[in-house]
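Visitor: Following this message is one structure expressed as structure tokens.
The values are calculated or read from the model by the stated rules, or taken from the named source; none is laboratory data. As the structure is a prediction and not an experimental result, all values here were calculated from the model. Heads up, the Cβs are rebuilt from the backbone with ideal geometry, glycines too, and the neighbour counts pull from every protein chain shown. When the accessible area is computed, the model is the full protein with side chains, heavy atoms only, and any ligands, DNA or RNA have been set aside. Shrake-Rupley method; radii C 1.70, N 1.55, O 1.52, S 1.80 Å.
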Amino acid sequence: LGDLMAEVACLMKRILPTLSSVEHKSYQQIYQQVMNIDHIHSVSDQALRDLVAQHCPPCALTDMSRSDGYDQLMTHVIEPHLRAYPCIMIDHYPACQAALAKIVQRPDGTRVARRVEVYVHGIECGNGFEELTDPVEQRQRFVADQQQRQRMGLPVYPMDEDFLEALDRGLPACSGIAMGIDRLWALAMGQKQLDD
């Protein structure tokens with residue numbers, strides 16, 4: 001993931017040559033800085049709901065998953081503070097927000113996703129991660145996702161068996177990022193809206 005982040009930093013400076021810096025902070029560090037929360041990864045479900053109720057517009061808290069709570073705080077509390085950074089990469093997201101990313105355990109026992117998001121003056125421009133290459137763990141995540149969708153009354157889609165089979169054949173360690181080319185182009189052109 002470190003190599004990917006270094007490549008993205010070079011790319012951002014090339015596309016946006018006026019960038020004065022590309023900074024890096026962990027998810028934990030940005031929550032510590034903005035909300036003075038030392039252990040955002042390990043707060044209880046109730047404490048997370050309380051934070052959302054305190055800092056975010058009214059929303060349905062009873063059916064809120066941990067991931068939803070983190071999303072609410074990121075959108076309504078953290079992201080406005082990211083406008084102050086010309087470019088910042090935030091990594092080590094909560095394990096519940098791993099998607100297809102590898103999860104690792106830090107020395108303090110916290111499990112985090114090897115995932116990174118890139119922001120330019122508060123605008124999210126990229127979401128990347130170190131790929132999960134374990135087919136057994138990926139199948140377990142797919143099953144858990146299907147069960148969660150079923151509990152929420154959302155459509156449940158079939159598992160991507162071709163993808164799981166490809167993982168079973170072997171995937172080397174790798175990372176990737178999806179970049180919002182339209183957003184990068186608008187930023188490079190000095191436009192405030194994509195429509196422009």
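Visitor: Being aromatic (Phe, Trp, Tyr), in contact (Cβ under 8 Å) with a residue 40 or more places away in the chain and either touching a Leu at 6+ places or on another chain (Cβ under 6 Å) or open to solvent by less than 50 Å² (accessible area, probe 1.4 Å) (or both) is the requirement here; does residue 93 meet it?
Guide: Yes, satisfied.
Visitor: I need every pair where a residue in the stretch 165-179 that is closer than 22 Å to residue 124 by Cβ has its Cβ under 9 Å from the Cβ of a residue that is among the β-branched types (Val, Ile, Thr) and open to solvent by less than 70 Å² (accessible area, probe 1.4 Å), sequence separation at least 6 or different chains.
Guide: Matching pairs, first to second residue: 175/116; 177/8; 177/116; 177/118; 179/8; 179/118.
Visitor: In the stretch 79-88, is there at least one residue being hydrophobic (A, V, I, L, M, F, W, C), assigned to a strand (DSSP E or B) and open to solvent by 10 Å² or more (accessible area, probe 1.4 Å)?
Guide: Step one: of the stretch 79-88, the residues hydrophobic (A, V, I, L, M, F, W, C) are 82, 84, 87-88.
Those still in the list that are assigned to a strand (DSSP E or B) too: 88.
Within this subset, residues satisfying the condition of being open to solvent by 10 Å² or more (accessible area, probe 1.4 Å) are none.
No.
Here's the yes/no breakdown for (1) in a loop (DSSP other than H, G, I, E, B); (2) without any contact (Cβ under 8 Å) to a residue 40 or more places away in the chain; (3) in contact with a strand residue (DSSP E or B) (Cβ under 9 Å, 6 or more places away or on another chain); (4) buried (at least 17 other Cβ atoms within 10 Å of the Cβ):
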position	(1), (2), (3), (4)
37	yes, yes, no, no
51	no, yes, no, yes
112	no, no, yes, yes
117	no, yes, yes, yes
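Visitor: While we're here: Residue check: is residue 76 open to solvent by 60 Å² or more (accessible area, probe 1.4 Å) and part of a helix (DSSP H, G or I)?
Guide: The answer is yes for residue 76.
The rows are residues; the columns are (1) open to solvent by 80 Å² or more (accessible area, probe 1.4 Å); (2) among the charged types (D, E, K, R).
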position	(1), (2)
127	no, no
132	no, no
141	no, yes
150	yes, no
167	no, no
174	no, no
193	yes, no
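Visitor: Working carefully through the options 140, 150, 191, find the one that is of a type in the set (S, T, N, Q), assigned to a loop (DSSP other than H, G, I, E, B) and without any contact (Cβ under 8 Å) to a residue 24 or more places away in the chain.
Guide: From the options 140, 150, 191, the qualifying one is 191.
Visitor: Which of the residues that make up the stretch 75-103 are closer than 28 Å to residue 139 by Cβ and either under 12 Å from the mean Cα position of the chain (by Cα) or charged (D, E, K, R) (or both)?
Guide: Within the stretch 75-103, 91, 92, 93, 94, 95, 96, 97, 98, 99, 100, 101, 102 meet the criteria.
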